[in-house]
1. Which of these values of Rg/Rh (Cα atoms, Kirkwood Rh) was calculated from the structure shown: [x] 0.97; [y] 1.01; [z] 0.95?
2. Using a ≥ b ≥ c from the Cα gyration tensor of the range 158-227 (square roots of the eigenvalues), is it rounded, prolate or oblate, where a/c under 1.5 gives rounded and otherwise the larger of a/b and b/c decides, a/b for prolate?
3. By the gyration tensor of its Cα atoms, with a ≥ b ≥ c the square roots of the eigenvalues, what is the shape of the range 85-125: rounded for a/c under 1.5, prolate for a/b over b/c, or oblate?
4. Taking the number of other C-beta atoms within 10 Å as the exposure measure, put S59, S333 in order starting with the fewest.
5. Only counting other Cβ atoms within 10 Å, I'd like W361, W328 sorted with the fewest neighbours first.
6. Which value in deg cm²/dmol, rounded to the nearest 500, describes the helix-derived mean residue ellipticity at 222 nm for the chain, given -39,500 (n - 2.57) per DSSP H run of n ≥ 4 and division by the residue count?
7. What is the gain in length, in nm to one decimal, between W200 and R171 on full extension, counting 0.36 nm per residue of separation less the C-alpha to C-alpha distance?
8. For the residue pair M315 and V275, what label-to-label distance in nm results when each label sits 7 Å from Cα along the Cα-to-beta-carbon direction?
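What follows is calculated from the coordinates using simple rules that are stated; it is not laboratory data. Since this is a predicted model, take the numbers as computed values, not measurements. Cβ sites come from the backbone with ideal geometry, for glycine too, and all protein chains shown count toward neighbours.
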Amino acid sequence: MSAATAPLVPSDPGSSGSPAGPGARLAWLDALRGIGAMAVVAEHLLPWFLPGLRPYWFSLGVYGILVFFLVSGYIIPTSLERHGDVRAFWISRFFRLYPLYLAVTALVLALAWWVPVRAEVPRDGSAVAAHATMLLDVVGVGGVADTMWTLSYEMVFYLVVTALFLVGAHRGSGTLTMVFGLGAVAVGLVIGGPLLRGGWPAYVTAAVFAAGLACVLWGRARTAAACVLGVTALAALVLSSRIPWLGVAVVAVMFAGTTIRRWEEGAGPLWPVAVTTALVGLAPLRAIETGWWWVQADVWLTTIALAGGTFAAGMALRGRRLPRALVWLGLVSYSLYLVHHPLLKYFTTISGDLREAEPVWQAAMAALALALVLGASALAYHFVERPGQAWGRRVARAVSGAGGGGLRGGGSGGRAR
């Protein structure tokens, strides 16, 4: 399994564009995204360019995605609550995620004559359905770009949080994180792999996603539709995910991030995070039998500890001046996340296999590839991602001004208290 982040997704509209900007108080979140992004890039770059430097005492990729999932959990629910507008929230999410996602998909497909699309991508309509919803991994479909799999769990989290918000159950994050942590252990012991296979989970979830999200956006039976979406997402998470226990554990980690935010605001205790950490640590008990190196107890626990320690260090340093380069990496982290893997594949297709090359040549090629990835990520951010976000803000403001996006269903237009 290739471990890479969601959500490395830009998660907060107040996130800083620069250390000196109006969102400088949240620069620590950008810094964490920068760390997570570079960990994921290293996870994919080192085996191809500098295999001797790849660590095996912890998983760089899993470490990176855990950091990003904690960031998402920390900021997404409170962002929705602050604005109290589910319609604007989903419009913002769409314009933050889909423009670059679709651009990378188009690039990979356009160059498929040169570098074939991954074998994990079905050659039928289920691939289209799964890519349309981003629920790729939870319906057992590979993404055209390897790193797209984590976006599935971001989307599940958004759907669940929206449902909880609309029914007024969004404050119980401490209980939720422990429930999902316990669920990860239970699923890991009982379910060894996807119970539902084939293309039909992708088709069913796509149909529910389209109809349900239309209701959420237009206010028709909004609360009921959001609940159906949340239940459908969780059912797919448990029944058709490639690695069911991991999906449930990821949601537990995201709610742990929310619990940390509640504790910081004085709205809840911190101890559920410790309980969830222990449960997530136990989740791959049965998976150890698969032989995957990254779920071995010493590797898995070390990776969790490093991710949690990194997030804690980021919180401890919030409000302080952080390296501009690190904050910039966080700013472009979503672009870096989506473009780096295809670009590395294209680079190695031209350069040839570097695993047996001289160390000096390996290092030079790795530096060149990294420079190209960073440059391409900057361009993708400025010409695709940033304009998409600007359009999203305009549309969300227009929709919010028209009313109908508030807390309760039926187009009430109310605001969250």
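1. Label [z] holds the value from this structure.
2. Here the range 158-227 falls in the oblate category.
3. The shape class here is prolate.
4. S59, S333
5. Values: W361 12, W328 19.
Going from sparsest to densest Cβ surroundings: W361, W328.
6. Mean residue ellipticity, 222 nm, calculated: -22000 deg cm²/dmol.
7. 7.0 nm
8. That separation, rounded to one decimal, is 1.7 nm.
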